[in-house]
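A short worksheet on the structure shown next.
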Amino acid sequence: MKKVKYTINIIIIFLSINVNSQVLEQIKTQVRYELDFGEQVQNDWIKIKKFLSENEDWNNFTKEEIELIDKYDAEVVEDMWDILGGGCSFYCGAGEYEVMTSSNLAEQNGIGYSSKNLRDFSYETAWVEGVKGYGIGETIEFEFSATHPRLTEIIIVNGYVKSKSVWKNNSRVKTLKMYLNSKPYGIIELKDVYAEQSFKVEPIGHADRENGEELIEKGTFKITFEILNVYKGDKYDDTAITEIYFDGIDVH
């Protein structure tokens, strides 16, 4: 009788594990935009800023100057570090959101590494986790207002990209576990590339947007990323992410 009871208990435990376990989607990113902040690019931007400051009339620009403006889209992008220019984008009408991290590296030599760097739309700054080791288990959480437009694409600038050497010396994220409103959503497999990378999602956010008061009552929604694994830096174990930003619908 005891043997039968023992066998039944094992079966119940086995079934419970299978019922509660969840196979998460493996999400692969695509390269969206390759980065280059090398000496040539820096020199080009010095030239662009110089002749833009000296001329207000477009007709006064030479053919070479116009070609340089077009190359870097400098009519709308004011600086080589700008992730978004002055042109129309998802963020023209995107709502409010906050970003919180479980830790961050302390400021060093006047350079900060806090969570605000994840949403400042600058390639020059980065969030760096602040725990011993590679930051495995550290989290980034975005909380969006109820009225925020729905998200359809998540864009990640992985590593500390202000220069290629800094990017190599610091660790980059290899895999992230993504949660939607605290529930596991998928495992993101990031490429070890000096570039923006992204992946599409089914619209995240509140769909019924006709009644503003009812929309607000639905409350905020959250996306959380947890570091599972990293590409080790050549010099430091600090793990960095320069930016996480979004594209979506409900704006135009």
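What to note about this one:
- With each label modelled as a point 7 angstrom along the Cα→C-beta vector, the Lys164-Thr62 pair spans 2.8 nm.
- FRET efficiency for Lys200 and Trp81, using Cβ-Cβ distance with R0 set to 22 Å, rounded to 0.05: 0.25
- Taking every DSSP bridge with both residues inside the chain, close to 90 percent are antiparallel.
- With both labels modelled 7 Å from their Cα along Cα-to-Cβ, the Glu54 to Ala207 distance reads 5.8 nm.
- For region 167-175, putting each phi into the Karplus relation 6.51 cos²θ - 1.76 cosθ + 1.60 with θ = phi - 60° gives couplings of 4, 5, 5, 9, 6, 10, 7, 9, 9 Hz, in residue order, rounded to whole numbers and with x for Gly and Pro.
- Inter-part distance, region 40-64 to region 76-134, computed on C-alpha centroids, equals 28 Å.
- Charging the Cβ of each Asp and Glu at -1 and of each Lys and Arg at +1, and nothing else, the dipole of the chain about its Cα centre rounds to 2060 debye.
- A simple spin-label model places pseudo-atoms 7 Å from Cα toward Cβ; at Asp36 and Tyr91 they are separated by 2.4 nm.
- Whole-angstrom gap from region 154-171 to region 202-244, using each part's C-alpha centre: 19
- Derived scalar couplings ³J(HN,Hα) [region 139-152; Karplus, 6.51 cos²θ - 1.76 cosθ + 1.60; whole Hz; x for Gly, Pro]: 10, 10, 10, 9, 10, 10, 5, 4, 8, 4, x, 5, 9, 10
- In sequence order, region 227-232 has phi-based couplings of 6, 9, 7, 9, 8, 5 Hz under the Karplus curve 6.51 cos²θ - 1.76 cosθ + 1.60, θ = phi - 60°, and Gly or Pro positions carry x.
- What the Cβ-Cβ distance of Met100 and Ile46 gives, at R0 = 41 Å and to the nearest 0.05, is a FRET efficiency of 0.65.
- Residues Thr224, Thr239 arranged by fewest to most Cβ contacts within 10 Å: Thr224, Thr239
- Measuring how big region 12-146 is from its alpha-carbon positions, Rg and Dmax come out at 22.0, 81 Å.
- Size of the chain as Cα extents on the principal axes (Å, biggest first): 96, 53, 31
Taken together, the values in this text are just the output of simple stated rules run on the coordinates, not laboratory data. Everything quoted here is computed from the prediction, not taken from an experiment. As a convention, Cβ positions derive from the backbone with ideal geometry for all residues, glycine included, and neighbour counts pool all protein chains shown.
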